[in-house]
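In what follows, a structure is listed as structure tokens, so that the remarks can point back to it.
Nothing in this text is a laboratory measurement; each read-out follows from the coordinates by a stated rule. All of these numbers come straight from a predicted model, not from anything done at the bench. Cβ coordinates were reconstructed from backbone atoms using ideal geometry, including for glycine residues, and neighbour counts include every protein chain displayed.
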Amino acid sequence: MTESPDFSDEEIEAVREHANRSFLSGREKRIAKLIQLQLWDDSRLNFNDRGMKIKAMLIGFPHPSKAEIDVMFRWIWGENTREGRIALEQELLDLGLAWVDEQGRLHLNARGDMVRTDAYWLRH
């Protein structure tokens, strides 16, 4: 699982978990883990430099592809039918922009969140 020799599996997983679930319950527990691993800057309420490097590694290339932007535009402003939403959610999963929680709900991952931000910026 190690994607970089500079970061431990535990560090990578802690950052991935917090980035993916940042708006879900259990935030305090995840932040405590990040503090323990020295990946969190409590004064900024955000990752410290090391944590940000891991998050950047997880997000990957900083510019979304055309396919990623296209699917995000449709996810935000497009498809409203049940069948269309299901197909669109599958496309988000296939592109590695989302994950499914224990209750079966779809959430954007760190990369998906970055692409969503870019899509909003491009729209306005």
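Tell me the GluC sites (Glu not before Pro) within region 81-124 that lie in a loop according to DSSP and have at most 12 other beta-carbon atoms within 10 Å.
E102
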query = Just how far, in whole angstrom, is region 1-69 from region 109-124 if you go by their alpha carbon centroids?
reply = 18
key: Full-stretch length increase - Q103, D42 - with 0.36 nm per residue and alpha-carbon distance subtracted   = 18.9 nm
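Suppose the chain between E28 and E13 were pulled fully straight at 0.36 nm per residue; how much longer would it get relative to their current alpha carbon spacing? Walk me through the intermediate numbers first.
Values: separation 15, 0.36 × 15 = 5.40 nm, distance 1.61 nm.
Contour length minus the Cα-Cα distance gives 3.8 nm.
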inquiry  = Using a 10 angstrom Cβ neighbour count of at most 15 plus a DSSP loop assignment to flag exposed trypsin sites (Lys or Arg not before Pro), which longest range of the chain is free of such sites?
reply    = 45-104
query = With labels modelled as points extended 7 Å from the Cα through the Cβ direction, what inter-label distance (nm, one decimal) is found for M57 paired with Y120?
reply = 2.8
